[in-house]
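Chemist: Let me give you the structure first, and then I'll get to my questions.
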Amino acid sequence: MYNVEAGILKDISYEKVYEHLDFLVNDIGERQSGTEKLKKAAQYINRELESYGLKSRIDKFPMYNSYPVKAELKVLYPEDKIIAAEPVCHITSTLQEGVEGELIYAENGGYEDYKHKDIRGKIILTDMTWSPGRPEKARIAYELGAKALIIMNWGPKEDNPVIQMGGVKSQWGNPTPDTIKEMPLIPVLSITRQAGEYLRELCINKDAVKVWFRAEATREWVEANQPMGVLNSEKETDEFILIGSHIDAWGKAAICNSSGNALLLELARVFSLHRSYLKRNIIFAFWDGHEVAECGGSAWFVDNYWDKIVNKCVAYINVDNIAIKGTSVPGVESVSEVRRFTLDIIKEIWKVDGKWNWAYKGGGDSSFFGIGVPYISFATEYTEEKLKDLNYAFYSPWLHSNEDTIDKIDKDLYIKHFEFFAALLIRLCNQNIIPYNIVDIANEVKEKLDKVIGLGGKAADAELEKLKEISMDFYDSALEFSKVQPYMEPQMMRRYNEALLKVTGKISPAIRSYSGRYGQDPCCYVIAEYPIPCLYFPIKKILEAKENNSIHEYNLWKTKLLKEKNRVYDSINESIEIINSFVSEYKK
């Protein structure tokens, strides 16, 4: 019997891959949404997809974007010094006279970094870390009353002239009249690591530091150009796997994200050669609006193709920032139901145990949490020791700059990434039973509920008693459901898969997002990282209200908790009904 996976790996042409890289990096380079360079890259990708025999198109739609204009930064006291700076996108631009004020260093810029600090009317200096991410740093600083924000780059202090470009539009995708209020109205600058450490030392060692800056960036609607390629199986099916990489990019854009674009193009070509062996369809997506519109393209895709995605999309695979020189740890970020599946592939290819991270609704074009599509992202990571040396430059010191060139991609690692993504994609396509572990979903619900109750103590234990009971029922049902898997006829396999897709569609928006099924949590939202965010956050606020003796706030958040508890209850209960219905049908 023909080994389709081996055939796919054999047919990959790395010569073609590097031809794509050369064009995207050296002929095009930076390609911001709404620009001619982005359009040129989209047309190139569309032509390639079409030549491989895919049904290709370029989706065009309005998208809320921003461009940097100019920035200036001066230290006024205790020294007189001009510092090079760039404006961050989607900021509130300063007036011509700029802003000045006392500079306060706030480390990572998370809530915990502002404890016992009054930052109202102050200018804040933070490190560029991903905990929290850039948009969340701005949202938190604005919420707490800061006048402005300066973000120093990550990476080593020496020989690192990079100013990292980016945006602070915390609101995810295109705004609505309600969600546009989530955007922080604050001026933000980006500076080098060296300049940031100079300012930090002043803040630490001097009684007061005063700075002035001026920053300007636009906010405007542009036309997106989003290439899509559909590879239909010759089998009759409406199930599909979605694999995506963002096309818009800063700087030379090799790692972020021409590496991902070239990988998708070559997988599209090779998989099309093996179309007759595919059991499910594949959609290759090249997202526009990832960087500044904060996943505008993938969010638009969810809203506009909702009926095609619901209970039909088996998984979303995100490809971004792969094969970075100096990384070595194979790391996957995913939801629990595909954890074992992805780790098994890593073990097979790398011959070592992979590192698994919880995926949360916050970055990486994770627009699909609400609709319930399982998320998978993979890339090699730095060791912890190396991360410390790089000041936690998780996505490389060269991110979003002209230093992000092809030589920063490790060729051997790149090949390994191809092997992983090819294996992942073909197995998702061709396994008769969708490789979800439903017992792991049930365990996730139980474990996260325990953490929520642990935060709230005895009061939460009593409040959430019914959820505890039904989570145990869910686990028992999931166990029964999983036992029937090896003994099914083809028709029952289809019903089993349908049940799996429906359960993830019910559970994911309830326990993995704050905004729920039809909303989108803000970009890098720290609340989305909480276990069962819609329960954990209200309990956190209830405890704060009790500590502050605020009856009003206590009652508001208590009401919120009751409503969210019912939402979670319904999602678990409906999942149990789906599972039990299948098991009953199977046993007849």
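Chemist: Considering only protein heavy atoms, what is the solvent-accessible area of F271 at a probe of 1.4 Å, reported in Å² to the nearest 10?
Modeler: For F271, solvent-accessible area is about 0 Å².
Chemist: For E489 and E143, what does the FRET efficiency come to when R0 = 45 Å and r is the distance between their Cβ atoms, rounded to the nearest 0.05?
Modeler: The computed FRET efficiency comes out at 0.20.
Chemist: Relative contact order, percent, of the chain when contacts are C-alpha pairs under 8 Å separated by at least 6 residues?
Modeler: After rounding, I find 16 percent.
Chemist: For the chain, what is the accessible area per residue in Å² when the probe is 1.4 Å?
Modeler: Per-residue accessible area for the chain comes out at 40 Å².
Chemist: Something else about it: Straight-line reach from K206: which lysines have a Cα under 22 Å away, not including same-chain ones fewer than 8 places off?
Modeler: Straight-line reach from K206, under 22 Å: K74, K81, K115, K117, K122, K147, K157.
Chemist: Mind giving me the FRET efficiency for K588 and L479? R0 is 25 Å, r the Cβ-Cβ distance, nearest 0.05 is fine.
Modeler: 0.80
Chemist: On the full set of protein chains, 1.4 Å probe, figure out the accessible area of T179 and give it in Å² to the nearest 10.
Modeler: 40 Å²
Chemist: Let me ask something else. Tell me the label-point distance for the pair K206, E577, using the 7 Å Cα-to-Cβ offset, in nm and rounded to one decimal.
Modeler: Placing both labels 7 Å along Cα→Cβ, they lie 6.5 nm apart.
Chemist: Quick check: from the Cα gyration tensor, does the chain come out rounded (a/c under 1.5), prolate or oblate?
Modeler: Oblate is the answer for the chain, as a/c is 1.5 or above yet b/c matches or exceeds a/b.
Chemist: Taking a ≥ b ≥ c as the square roots of the eigenvalues of the Cα gyration tensor of segment 374-463, is the shape rounded (a/c under 1.5), prolate (a/b larger than b/c) or oblate? Don't skip to the answer; put the middle values down first.
Modeler: Working: a/c = 3.83, a/b = 1.44, b/c = 2.67.
Here segment 374-463 falls in the oblate category.
Chemist: Given R₀ = 56 Å, FRET efficiency for N357-I551 by Cβ-Cβ distance, to 0.05?
Modeler: 0.90
Chemist: For segment 226-331, just list the percent of Cα-Cα distances falling in each 10 Å bin from zero outward, please.
Modeler: 14, 42, 33, 11, 0
Chemist: If you don't mind, another one. On the principal axes of its Cα set, how long, how wide and how thick is segment 45-132? Give whole Å, largest value first.
Modeler: Cα spread of segment 45-132 along its principal axes, largest to smallest: 64, 33, 22 Å.
Chemist: With the Cα gyration tensor of segment 193-288 in hand, give its eigenvalues times 5 under a square root as the equivalent ellipsoid semi-axes, listed largest first in whole angstrom.
Modeler: Sorted largest first and rounded, they come to 47, 16, 12 Å.
Chemist: Still on this structure, I have one more. Quick one: which residues, 5+ away or cross-chain, put their amide H under 5 Å from the amide H of A217? H built at 1.01 Å from N.
Modeler: V69, S93
Chemist: So for each of 351-362, 276-287 I average, over its residues, the number of other beta carbons within 10 Å; can you give me the resulting order with the highest mean first? Kindly include the intermediate steps, with their values, before the conclusion.
Modeler: Working: 351-362: 17.1, 276-287: 22.2.
Answer by packing, highest mean first, reads 276-287, 351-362.
Chemist: Okay, moving on. First check a/c for segment 457-588, with a ≥ b ≥ c the square roots of the eigenvalues of its C-alpha gyration tensor; if it is under 1.5, answer rounded, and if not, answer prolate when a/b is larger than b/c or oblate otherwise.
Modeler: Prolate, because a/c is 1.5 or more and a/b exceeds b/c.
Chemist: For E158 and V99 in one chain, what is 0.36 nm times their gap in residues minus the Cα-Cα distance, to one decimal in nm?
Modeler: The E158-V99 span can extend by a further 18.3 nm.
Chemist: Further, regarding this structure: To make sure I understand the rule: partners must be lysines, Cα under 25 Å from the Cα of K16, and not fewer than 8 residues away in the same chain. Which ones qualify?
Modeler: The reachable lysines, counting only those whose Cα sits under 25 Å from K16, are K37, K39, K40, K55, K252, K325, K408, K411, K416.
Chemist: Which distance in Å, rounded to a whole number, links the C-alpha centroids of segment 61-114 and segment 285-307?
Modeler: With segment 61-114 and segment 285-307 each reduced to a Cα centre, they are spaced 28 Å.
Chemist: Leaving ligands, DNA and RNA out of it, rank I406, I579 by accessible area with a 1.4 Å probe, largest first.
Modeler: I406, I579
Chemist: Report, to the nearest whole %, how much of the accessible area of the chain belongs to carbon and sulfur atoms, 1.4 Å probe, protein only.
Modeler: Values: 11520 of 23740 Å².
Carbon-and-sulfur percentage of accessible area, whole number: 49.
Chemist: Something else: Using alpha-carbon pairs under 8 Å, 6+ residues apart, how would you state the relative contact order of segment 66-214 in percent?
Modeler: RCO, segment 66-214: 36 percent.
The values are calculated or read from the model by the stated rules, or taken from the named source; none is laboratory data. Since the structure is predicted, the reported quantities are computational estimates derived from the model, not experimental observations. So basically every Cβ, Gly included, is an ideal-geometry build from the backbone, and we count neighbours across all protein chains shown. When the accessible area is computed, the model is the full protein with side chains, heavy atoms only, and any ligands, DNA or RNA have been set aside. Shrake-Rupley method; radii C 1.70, N 1.55, O 1.52, S 1.80 Å.
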